[in-house]
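Below: one structure, written as structure tokens.
The values are calculated or read from the model by the stated rules, or taken from the named source; none is laboratory data. It should be emphasised that the depicted structure is a prediction, and the values quoted were computed from it without experimental measurement. Cβ sites come from the backbone with ideal geometry, for glycine too, and all protein chains shown count toward neighbours.
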Amino acid sequence: MNNNINKDYIDLYINSLIKEDNEKLKEFREYCEERNLPIIHKEVGQFIKLIINQLNAKSIIEIGTNVGYSSIFMSLSMKEGRVVTLERSEKFYKEALKNIKYFGLEKNIQVLLGDAVDTLDTVEGTFDLAFIDAAKSYYRVFFDKCVKMMKPGGMILSDNVLYQGMIASDELVVRRKKTLVRNLRNYLKYISTDNRFITSVLPLGDGLAVTLLK
Ligand SMILES: C[S@@+](CC[C@H](N)C(=O)[O-])C[C@H]1O[C@@H](n2cnc3c(N)ncnc32)[C@H](O)[C@@H]1O
């Protein structure tokens with residue numbers, strides 16, 4: 001369980017505080033966890049829920065649907081509004097559609113199949129919140145495309161930015177992840193130093209960057 005970011009007992013304790021009142025969603029999370037699907041950490045979900053409520057978000061764009069857990073979670077965390085989520089794997093895309101139907105959210109969540117580097121250009125409208133949770137080497141591309149689609153005061157969340165601690169310590173970097181690590185370090189530097197943004201990097205889950213567009 002140790003992901004080189006937080007102590008296990010801290011994660012366990014924080015998670016024990018999170019109230020899950022939707023039984024169907026709880027079962028869906030458990031089903032995803034049993035299958036080892038890379039869905040959002042529980043504590044990251046709780047933080048996203050807080051942000052959605054604080055922003056009174058009515059429109060969310062997500063990069064990386066997988067089987068739809070986070071898009072369903074975010075949709076249920078909003079009082080009303082739409083989620084547009086992008087997935088490149090046809091297998092996951094189809095599963096996500098099935099799961100969204102199971103939750104009766106077909107009208108609220110739109111899933112687009114294809115590489116988000118391309119499909120992002122086809123998305124219409126503006127968004128209160130963007131959630132980036134896909135191929136890490138493309139975070140900068142996704143981010144820059146999202147920036148153009150955000151409403152004033154919108155926020156962009158980037159997940160897994162501390163990537164098992166490797167981003168913060170050379171000692172933890174494994175050889176085959178060197179390019180990914182370099183890309184994520186450059187990405188964090190960019191969103192942390194560019195004057196258009198205010199970014200805070202949180203050691204939550206696998207690392208979550210929270211960016212406010214000034
Ligand atoms: C970590 S999972 C997303 C999990 C999901 N956000 C959740 O928490 O339930 C990442 C997903 O992004 C997809 N993906 C990776 N690169 C992508 C890209 N360039 N365009 C679209 N989808 C991509 C993968 O196929 C995978 O299903």
Kindly indicate the residue of the stretch 187-209 that is surrounded by 17 or more Cβ atoms within 10 Å (Cβ to Cβ) and touching a residue at least 60 places away in the same chain (Cβ under 8 Å) and also nearest to the chain's Cα centre (by Cα) among those meeting that condition.
-> Leu208
Matching entry among Ser71, Ser75 (being near the ligand (Cβ under 8 Å from one of its atoms), surrounded by 20 or more Cβ atoms within 10 Å (Cβ to Cβ), closer than 19 Å to Ile132 by Cα and in contact (Cβ under 8 Å) with a residue 12 or more places away in the chain) | Ser71
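Kindly evaluate Leu113 against the criterion of being under 19 Å from Asn66 (Cα atoms), within 14 Å of the ligand (Cβ to nearest atom) and more than 12 Å from the chain's Cα centre (by Cα).
yes
Within the stretch 116-143, track down each residue that is part of a strand (DSSP E or B) and either within 9 Å of the ligand (Cβ to nearest atom) or in contact with a Leu (Cβ under 8 Å, 6 or more places away or on another chain) (or both). Lay out the reasoning, then the answer.
Step one: filter the stretch 116-143 for residues part of a strand (DSSP E or B), giving 127-132.
Those that are part of a strand (DSSP E or B) and either within 9 Å of the ligand (Cβ to nearest atom) or in contact with a Leu (Cβ under 8 Å, 6 or more places away or on another chain) (or both): Asp128, Leu129, Ala130, Phe131, Ile132.
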Which residue, of Leu184, Leu212, Leu180, is surrounded by fewer than 16 Cβ atoms within 10 Å (Cβ to Cβ) and of a type in the set (A, V, I, L, M, F, W, C)?
-> Leu212
Evaluate the following for Leu172: is it touching a residue at least 12 places away in the same chain (Cβ under 8 Å), touching a Gly at 6+ places or on another chain (Cβ under 6 Å) and over 18 Å from Phe142 (Cβ atoms)?
-> yes
The stretch 54-67 residues that are at positive phi, paired with ones that are small (Gly, Ala, Ser) and more than 7 Å from the ligand (Cβ to nearest atom) (beta carbon under 8 Å, 6 or more apart) = Asn66/Ala96
Kindly indicate the residue of the stretch 120-149 that is at pLDDT 95 or above and of a type in the set (Ser, Thr, Tyr) and also surrounded by the most Cβ atoms within 10 Å (Cβ to Cβ) among those meeting that condition.
-> Tyr139
Restricted to the stretch 25-49, and to residues that are within 9 Å of the ligand (Cβ to nearest atom) and closer than 19 Å to Ala209 by Cβ, which residue is surrounded by the most Cβ atoms within 10 Å (Cβ to Cβ)?
-> Ile40
Quick check: is even one residue across the stretch 150-161 surrounded by 17 or more Cβ atoms within 10 Å (Cβ to Cβ), within 12 Å of the ligand (Cβ to nearest atom) and assigned to a helix (DSSP H, G or I)?
-> no
Of the criteria (1) out of contact with any Cys (no Cβ under 8 Å at 6 or more places or on another chain); (2) within 14 Å of the ligand (Cβ to nearest atom), which one Tyr9 fails | (2)
